[in-house]
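Following: one structure in structure tokens, then a few remarks.
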Amino acid sequence: MANDTESAHVINGSDEAHVSCASSKEEEEVKLLSDVVRRLPSHAVKDLLSIGVCVRCIFRVFGIHQCNYSFPLMSSPTLCAILGKAMESEGDTVDNGYRAHEDSICLYSSEELEMDIKLCRVCLGILQYVYIDEKEMMIKRDSGNDFAIIIADVVKQDGHEINNFSLEVSLPKVVMENDRAIWLYMKKNYDTEAWFQEKCKPECISAKDVFKMSITNPLETLLGVKSGLSSFRIRLTYTHYDASTQVQNSMERNGCKKKRKTGTDDVLETIDGSVVAGIKCSNFFEKEHELSKCKLQDHGISDCFNFQLEKVNQPCRLTFLCCRAPIYIGGRYLKYSRNVSQTRWIINDERRGEASVEEIISGSMLPIFQGDSYKFHAAGREDIDVRMLGSGRPFLVEIQNARHVPSEVFIKEIEMQINSLESKLVRVKSLKILGTQGWTLIWEGEAEKQKQYAALVWISRSLTDDDMQTISSLKNMQILQRTPIRVLHRRSPLAREKIIYWMKIERIAGSSQYFLLHLCTQAGTYIKEFVHGDLGRTHPSIGSIMGCRAEILQLDVTDVKMDISLDE
């Protein structure tokens with residue numbers, strides 16, 4: 001191995017190379033593959049071996065159908081033996097020519113067993129199932145089945161309950177460029193030979209697809225579920241900084257650098273959304289760009305990708321990520337305390353309020369879903385001293401990477417559990433699991449919603465019947481509110497037009513200056529400022545309409561009119 005990888009610890013995935021197969025199925029697979037390999041041009045195969053191309057990549061170059069080389073139980077030593085035996089059977093002429101390379105083939109197998117691995121210059125060892133893990137240990141497996149066992153163990157150790165999975169693989173861009181380079185090499189050397197047009201098509205199945213095919217079936221067996229579109233994703237990200245730098249330098253020399261906006265200067269986009277500089281990758285839940293075939297047309301490529309396949313001194317680094325897409329639980333909450341904020345409120349390292357709606361609800365759900373974290377979203381918010389009554393305020397809890405997904409029946413039990421908390425500060429209703437559309441519904445509904453309030457108001461004179469009639473006669477009244485003084489330090493100084501749809505006054509027995517004001521307003525109306533006027537920054541106000549000083553003493557939200565399919 002090269003000096004830069006001598007310090008890496010090594011784990012061998014197999015103690016012996018089994019050339020003969022133990023089962024009839026394996027024997028059938030070997031026979032099928034052997035029949036195909038015998039028809040390959042031996043001199044071209046030896047040529048590819050001599051420049052450091054692995055057996056699986058050779059099969060890709062010659063367009064052998066994927067089922068013939070994606071058998072998950074077939075190890076690299078077995079494939080080498082099949083190739084060597086097929087070439088020997090060609091006769092003395094081929095045998096003599098093959099002997100010059102036979103040692104390299106046998107050495108390739110023995111080196112793998114001794115962990116002195118000869119890495120493929122095309123796939124960088126990815127189709128040899130060799131990689132460096134996050135602990136800087138070099139890991140090798142002989143077959144797709146052996147490699148799949150590692151992934152399945154990671155999924156099981158993480159404790160995910162799944163009924164299907166989606167497999168996503170991200171490879172360095174250089175692998176695709178190496179595919180182009182090797183096809184151009186073959187075209188240059190063998191274009192005049194009859195077999196070239198038949199076997200070496202300008203399109204070949206990608207290393208990514210071969211890799212995925214070789215481990216998907218074993219994963220399905222090991223995990224006991226099928227692959228396909230799924231909220232649970234297994235993502236394997238291969239990175240190779242040296243190889244990526246090689247591509248970047250080559251493209252810059254040939255004027256073929258392609259940039260895209262990523263928030264980082266001078267970065268190259270890869271086939272899977274990763275970025276060369278800094279080895280950044282696109283978000284796990286963004287749609288992956290699938291390139292099932294490498295288009296190797298030679299038009300314009302010979303100039304742009306004119307570089308040699310370089311020796312690979314170390315394998316790629318592999319990062320495993322098993323993660324479920326966020327789960328959204330929607331419902332409505334009621335808040336009965338005037339000392340509970342909607343979200344956790346910390347000012348100068350000092351907590352405000354005795355609790356928060358977010359912590360009470362989300363904190364109760366997270367352990368049940370066994371998620372990594374949560375995010376709390378609500379359709380608007382009330383101040384800490386304002387109660388949320390009536391039908392409740394719509395909300396969503398977004399659980400990140402949940403390992404357990406409760407049934408609808410169990411969701412009702414969660415609702416009962418939250419409502420039975422001893423504090424009785426918060427209650428929830430209409431809990432249910434929503435799809436990703438729940439997020440959209442929350443924000444669209446918030447913009448269009450109406451809210452009803454009940455405010456305890458004091459005025460500087462006695463309330464009259466004329467006051468009550470005047471207030472109740474006002475319908476769809478437009479008001480202008482400048483940003484309130486109390487929030488001016490954190491809100492932009494804007495003027496906002498809002499609508500007061502209706503109002504009515506309810507007298508309080510035994511009091512002439514106190515009354516309950518019931519009103520329905522447009523979303524985003526500052527109710528406290530509408531009552532007292534905020535030094536003229538809200539006009540008209542209850543004080544200006546009644547011609548006296550008005551102060552709000554208490555405020556409750558009694559209804560949030562939103563239809564987001566939460567109500568039963």
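Restricting the search to the range 161-185, which residues are part of a loop (DSSP other than H, G, I, E, B), in contact with a Lys or Arg (Cβ under 7 Å, 6 or more places away or on another chain) and open to solvent by 20 Å² or more (accessible area, probe 1.4 Å)?
The answer is GLU161, and nothing else.
Criterion first (basic (Lys, Arg), modelled with pLDDT of 90 or more and not in a strand (DSSP E or B)) does ARG403 satisfy it?
Details: basic (Lys, Arg): yes; modelled with pLDDT of 90 or more: yes; not in a strand (DSSP E or B): yes.
Yes: the conditions hold for ARG403.
If ILE527 satisfies all but one of (1) surrounded by 11 or more Cβ atoms within 10 Å (Cβ to Cβ); (2) without any contact (Cβ under 8 Å) to a residue 60 or more places away in the chain; (3) under 20 Å from GLY380 (Cβ atoms), what's the number of the condition it fails?
(2)
Is there any pair linking a residue in the range 349-373 that is in contact (Cβ under 8 Å) with a residue 12 or more places away in the chain to one that is among the basic types (Lys, Arg) and open to solvent by less than 30 Å² (accessible area, probe 1.4 Å), with Cβ under 9 Å and at least six apart or on different chains, and which?
That search, which allows pairs on different chains as well, returns VAL357/LYS335; VAL357/ARG393; GLY371/ARG324.
Which residue pairs have Cβ atoms under 9 Å apart, sit 6 or more places apart or on different chains, and have a first residue in the range 164-181 that is under 24 Å from GLY228 (Cα atoms) and a second that is of a type in the set (S, T, N, Q) and open to solvent by less than 10 Å² (accessible area, probe 1.4 Å)?
The qualifying pairs are LEU171/SER206.
Working carefully through the options ILE360, ILE347, find the one that is open to solvent by 20 Å² or more (accessible area, probe 1.4 Å) and either under 15 Å from LEU555 (Cβ atoms) or within 30 Å of the chain's Cα centre (by Cα) (or both). Lay out the reasoning, then the answer.
Working: ILE347 fails: either under 15 Å from LEU555 (Cβ atoms) or within 30 Å of the chain's Cα centre (by Cα) (or both).
Result of the check over ILE360, ILE347: ILE360.
Taking the range 184-195, which residues are within 39 Å of the chain's Cα centre (by Cα) and either hydroxyl-bearing (Ser, Thr, Tyr) or within 17 Å of LEU124 (Cβ to Cβ) (or both)?
Across the range 184-195, the qualifying residue is only TYR185.
Name the residue that is nearest to PHE62 (Cα to Cα), counting only residues in the range 189-238 that are in contact with a Pro (Cβ under 8 Å, 6 or more places away or on another chain) and among the polar types (S, T, N, Q).
Selected residue: SER214.
Of the numbered conditions (1) of a type in the set (Lys, Arg); (2) modelled with pLDDT of 90 or more; (3) surrounded by 13 or more Cβ atoms within 10 Å (Cβ to Cβ), LYS424 satisfies every one except a single condition; which is it?
Among (1) of a type in the set (Lys, Arg); (2) modelled with pLDDT of 90 or more; (3) surrounded by 13 or more Cβ atoms within 10 Å (Cβ to Cβ), the lone unmet condition for LYS424 is (3).
This table checks each residue for (1) within 30 Å of CYS548 (Cα to Cα); (2) in contact (Cβ under 8 Å) with a residue 40 or more places away in the chain; (3) within 34 Å of the chain's Cα centre (by Cα); (4) in a loop (DSSP other than H, G, I, E, B).
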residue: ARG381; (1), (2), (3), (4): yes, no, yes, yes
residue: LEU396; (1), (2), (3), (4): no, yes, yes, no
residue: ILE414; (1), (2), (3), (4): no, yes, yes, no
residue: LYS424; (1), (2), (3), (4): no, yes, no, yes
residue: VAL428; (1), (2), (3), (4): no, yes, yes, no
residue: LEU431; (1), (2), (3), (4): no, yes, yes, no
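What pairs can you find where one residue is in the range 132-151 and within 17 Å of LEU119 (Cβ to Cβ) and outside any loop (DSSP other than H, G, I, E, B), the other is open to solvent by 10 Å² or more (accessible area, probe 1.4 Å) and charged (D, E, K, R), and their Cβ atoms are less than 7 Å apart, with a gap of 6+ or different chains?
Partner pairs satisfying both residue conditions: ILE132/ARG317; ILE139/ASP133; PHE147/ARG141.
Please specify each residue of the range 530-542 satisfying the condition of being without any contact (Cβ under 8 Å) to a residue 40 or more places away in the chain and open to solvent by 10 Å² or more (accessible area, probe 1.4 Å). Full working, then the answer.
Filtering the range 530-542 down to residues without any contact (Cβ under 8 Å) to a residue 40 or more places away in the chain leaves 532-533, 536.
Correct list: HIS532, GLY536.
Which one is farthest from PRO41 (Cα to Cα), of the residues in the range 186-199 that are in a helix (DSSP H, G or I) and either open to solvent by 60 Å² or more (accessible area, probe 1.4 Å) or of a type in the set (A, V, I, L, M) (or both)? If you could, list the steps in order and put the result at the bottom.
Of all residues in the range 186-199, those in a helix (DSSP H, G or I) come to 186-190, 194-199.
Then keep just the ones that are either open to solvent by 60 Å² or more (accessible area, probe 1.4 Å) or of a type in the set (A, V, I, L, M) (or both); that gives 186, 188-189, 194, 197-198.
Working: MET186: 12, LYS188: 16, ASN189: 13, ALA194: 10, GLN197: 13, GLU198: 12 Å.
Checked the range 186-199; the qualifying residue farthest from PRO41 (Cα to Cα) is LYS188.
Residue-by-condition table, conditions (1) assigned to a helix (DSSP H, G or I); (2) without any contact (Cβ under 8 Å) to a residue 60 or more places away in the chain:
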residue: ARG461; (1), (2): no, no
residue: ASP467; (1), (2): yes, no
residue: LYS475; (1), (2): no, yes
residue: LEU480; (1), (2): no, yes
residue: ARG491; (1), (2): no, yes
residue: LYS498; (1), (2): no, yes
residue: ILE505; (1), (2): no, yes
residue: ALA509; (1), (2): no, yes
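Restricting attention to the range 453-464, does a residue exist that is under 35 Å from the mean Cα position of the chain (by Cα) and under 30 Å from LEU396 (Cβ atoms)? It would help to see each step written out before you state the result.
Of all residues in the range 453-464, those under 35 Å from the mean Cα position of the chain (by Cα) come to none.
Checked against the condition, which is being under 35 Å from the mean Cα position of the chain (by Cα) and under 30 Å from LEU396 (Cβ atoms), the range 453-464 yields no hits at all.
What about LEU309, is it among the hydrophobic types (A, V, I, L, M, F, W, C), in a loop (DSSP other than H, G, I, E, B) and modelled with pLDDT of 50 or more?
Against the criterion (among the hydrophobic types (A, V, I, L, M, F, W, C), in a loop (DSSP other than H, G, I, E, B) and modelled with pLDDT of 50 or more), LEU309 qualifies.
Can you pull out every residue in the range 126-160 that is open to solvent by less than 40 Å² (accessible area, probe 1.4 Å), on the phi > 0 side of the Ramachandran plot and more than 23 Å from the chain's Cα centre (by Cα)?
TYR129
Going by the structure shown, is THR521 at pLDDT 95 or above, closer than 17 Å to ALA379 by Cβ and not in a loop (DSSP other than H, G, I, E, B)? Talk me through it step by step, then tell me what you get.
On the way: at pLDDT 95 or above: yes; closer than 17 Å to ALA379 by Cβ: yes; not in a loop (DSSP other than H, G, I, E, B): yes.
Spelling it out, THR521 is indeed at pLDDT 95 or above, closer than 17 Å to ALA379 by Cβ and not in a loop (DSSP other than H, G, I, E, B).
What number of residues within the range 531-557 satisfy the criterion of being within 16 Å of GLN481 (Cβ to Cβ) and either more than 50 Å from the chain's Cα centre (by Cα) or part of a helix (DSSP H, G or I) (or both)?
Qualifying residue count for the region: 7.
Quick test for you: out of ARG507, ARG496, ARG486, ARG491, pick the one residue that is open to solvent by 50 Å² or more (accessible area, probe 1.4 Å), touching an Asp or Glu at 6+ places or on another chain (Cβ under 9 Å) and charged (D, E, K, R).
Details: ARG507 fails: touching an Asp or Glu at 6+ places or on another chain (Cβ under 9 Å); ARG496 fails: touching an Asp or Glu at 6+ places or on another chain (Cβ under 9 Å); ARG491 fails: touching an Asp or Glu at 6+ places or on another chain (Cβ under 9 Å).
Unique residue meeting the criteria: ARG486.
Could you go through the range 200-212 and let me know if any residue there is open to solvent by 60 Å² or more (accessible area, probe 1.4 Å) and assigned to a helix (DSSP H, G or I).
Looking only at the range 200-212, we keep the residues that are open to solvent by 60 Å² or more (accessible area, probe 1.4 Å), and these are 201, 203.
Next, from what is left, pick out any that are assigned to a helix (DSSP H, G or I): none.
For the range 200-212, residues open to solvent by 60 Å² or more (accessible area, probe 1.4 Å) and assigned to a helix (DSSP H, G or I): absent.
The values are calculated or read from the model by the stated rules, or taken from the named source; none is laboratory data. Keep in mind it's a predicted model, so treat the numbers as computed, not measured. So basically every Cβ, Gly included, is an ideal-geometry build from the backbone, and we count neighbours across all protein chains shown. Keep in mind that these areas ignore ligands, DNA and RNA; they rest on the heavy atoms of the full protein, side chains included. Shrake-Rupley method; radii C 1.70, N 1.55, O 1.52, S 1.80 Å.
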